[in-house]
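Single-structure report; data block below.
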Amino acid sequence: MRRLIMVVVLVLCFGTVNAYAEDFNFDFDSMFDDDLFFEVEEEIDYNPEDILLVNDGWELGGNYNFSVRSTRSKVKGIEPITKFSSHLGGSLFLDSRPDVDKRFFSKVDFNYPVNSGDKLQINLMELFADYNWKNKVFFRAGKQNVSWGVGHFFSPADVINIGRKDPMDPDADLEGPVALKAQTSAENGRHNYYLYTLFDGVEHPKDVGVALKAEYVIGTSEVGFGTYLQRSKAPRLSMTMSSSVGQVALFGEAVVSKGSDKGFVGEWSLFDYPIQKKDDLFFHLTGGGMYRYSDPDNLFNFMTALQYYYNGEGYKDQQVIGDARKIYLAVSQSEYADKVAHVVPSDLFSTGRHYLAGMLSWNNMLDSDFSSMLTVVSNLSDKSGMVNTSLSLPAFSSIRPSVGANFTYGELGSEFGIGEPNSSVYFAVSLGNMMF
């Protein structure tokens, strides 16, 4: 029971932050949060009612982090640029259980952009209440994180979270929806059934979204089936699978939608944007695996993951979207920026048909206080990508230094590249990352 309590508290406290995928800044503290989970020798499987019985009373906690970073970037043909930045942030949570059948939970993230001079930013991450009917149907009402997909770097089946997975920071907490969730189980919790009613952006009863999901445990595998329906949104059907072969964890997702919520560009580039495709069928498919290894002497603690993603909403002709992206970037930084104000930036990214992502981490290298990580994300369709490397240095007290190097590749107009070789190196010091 103590181990279960510790894992639940750790999940609540250590949401990773600020991957900085586009400017290659990487929040080093987020890279090793997973280790807190890997040290648990066996996966704990519990029923919904167990969550309500973890403890009673109330608990107030959170975390705090202050970090500074110096980055030196180099682009071919341009003088190197040195930047200094600092970050101050944290979170607070309140977990209240007035009795064994009820729970109230809230979590707020704080972020103070020290360098920009902007005001303190406060983001409500979760605010919900749990209750049940005769310990058979379990309800959660409010803003809540949702575990919908199973992919590590990409998760097309996660259709109801507001936030989207960043493959450069796949373990970061995602902002969830305001929803009412109803859950029931069968076969002593082996099979689970979920119903979500979704209220974000809803101004009329007809606009309330509905999502259904069923999960079945078959041997050592789990298979899930889901559907998502909301007026003015593309309806989706999804299937997820997670299993294992030996010590390799496997996962996969498949999604089909009738229409797309994105706006597309055509042969006239941004001049005919946005083209709506409401009647086409779009398929998404992803699959991958994760492997962990640790020797008895604690010299080699490795974790590696690899995932392929087929994006059915990607462009067959990458030249079309590449030209549109170049026009948008040029005009948006000029005096004519208002001409492209109608463009949704996210419509111009995640536009490849084929993606591949992988990572390799080595914690406590040779039983030392050094740890390292390599992450690669590649758009195979336009031959662009990002590479991040990092090395955690020995910490003293609550001070954790780290160094790293990052670079992107690809032609001008590609999703990740800028047409010239470029790289950056950084040195960062984190003071804190403390729980209380």
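The values are calculated or read from the model by the stated rules, or taken from the named source; none is laboratory data. If you're wondering where the values come from, they're calculated on a predicted model, not measured in any experiment. Here Cβ is always computed from backbone atoms with ideal geometry, including for glycine, and neighbour counts include all displayed protein chains. Just so you know, the surface numbers come from the protein's heavy atoms only, side chains and all, with ligands and any DNA or RNA stripped out. Shrake-Rupley method; radii C 1.70, N 1.55, O 1.52, S 1.80 Å.
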Seminar exercise, completed: Expected output for region 354-369 (first residue of a type outside the set (Phe, Trp, Tyr), partner outside any helix (DSSP H, G or I) and open to solvent by less than 20 Å² (accessible area, probe 1.4 Å), Cβ below 6 Å, 6+ apart or cross-chain) is Leu356/Ser378; Ala357/Phe153; Ala357/Gln307; Ala357/Val377; Met359/Ala305; Met359/Thr375; Ser361/Met303; Asn363/Ser371
Problem set entry | Pair list, Cβ < 6 Å and 6+ apart or interchain, from region 64-75 residues that are aliphatic (A, V, I, L, M) to residues that are assigned to a strand (DSSP E or B) | Val68/Ser86; Val68/Val429; Val75/Asn422
Seminar exercise, completed: Here the residues within region 223-244 that are touching a residue at least 40 places away in the same chain (Cβ under 8 Å) and either open to solvent by 60 Å² or more (accessible area, probe 1.4 Å) or among the β-branched types (Val, Ile, Thr) (or both) are Met239, Thr240, Met241
Exercise. Is it fair to say Ser332 is open to solvent by 50 Å² or more (accessible area, probe 1.4 Å) and without any contact (Cβ under 8 Å) to a residue 12 or more places away in the chain?
Worked result: no
Seminar exercise, completed: Of the residues in region 344-383, those that are closer than 30 Å to Gly266 by Cβ, touching a Ser or Thr at 6+ places or on another chain (Cβ under 9 Å) and of a type in the set (A, V, I, L, M, F, W, C) come to Leu356, Ala357
Exercise. Before we move on, is Ala254 touching a Gly at 6+ places or on another chain (Cβ under 8 Å), aliphatic (A, V, I, L, M), surrounded by 13 or more Cβ atoms within 10 Å (Cβ to Cβ) and not in a loop (DSSP other than H, G, I, E, B)?
Worked result: no
Problem set entry | Ser378 vs. criteria of a type in the set (Gly, Ala, Ser) and open to solvent by 50 Å² or more (accessible area, probe 1.4 Å) | no
For this session: Could you tell me which residue of region 335-368 is least open to solvent (accessible area, probe 1.4 Å), considering only residues that are of a type in the set (Gly, Ala, Ser) and more than 19 Å from Leu285 (Cα to Cα)?
Result: Ser361
Exercise. Restricting attention to region 175-193, does a residue exist that is at pLDDT 90 or above, surrounded by 15 or more Cβ atoms within 10 Å (Cβ to Cβ), of a type in the set (Val, Ile, Thr) and under 14 Å from Lys213 (Cβ atoms)?
Worked result: yes
Exercise. How many residues are under 30 Å from Val377 (Cβ atoms), out of contact with any His (no Cβ under 9 Å at 6 or more places or on another chain) and free of Cβ contacts under 8 Å to residues at least 60 places away in the same chain if we restrict to region 154-178?
Worked result: 9
Exercise. Do you know which residues across region 302-329 are in contact (Cβ under 8 Å) with a residue 12 or more places away in the chain, more than 30 Å from Met290 (Cβ to Cβ) and hydrophobic (A, V, I, L, M, F, W, C)?
Worked result: Val320, Ile321, Ala324, Ile327
Problem set entry | Failed item, numbered, when Gly314 is tested on (1) surrounded by fewer than 16 Cβ atoms within 10 Å (Cβ to Cβ); (2) closer than 27 Å to Gly352 by Cβ; (3) of a type in the set (Gly, Ala, Ser) | (1)
Exercise. Which numbered condition trips up Leu281, out of (1) under 24 Å from Tyr194 (Cβ atoms); (2) of a type outside the set (Gly, Ala, Ser); (3) over 23 Å from the mean Cα position of the chain (by Cα)?
Worked result: (1)
Exercise. In region 276-295, is there at least one residue being open to solvent by less than 20 Å² (accessible area, probe 1.4 Å), of a type in the set (Val, Ile, Thr), out of contact with any Ser or Thr (no Cβ under 6 Å at 6 or more places or on another chain) and at pLDDT 95 or above?
Worked result: yes
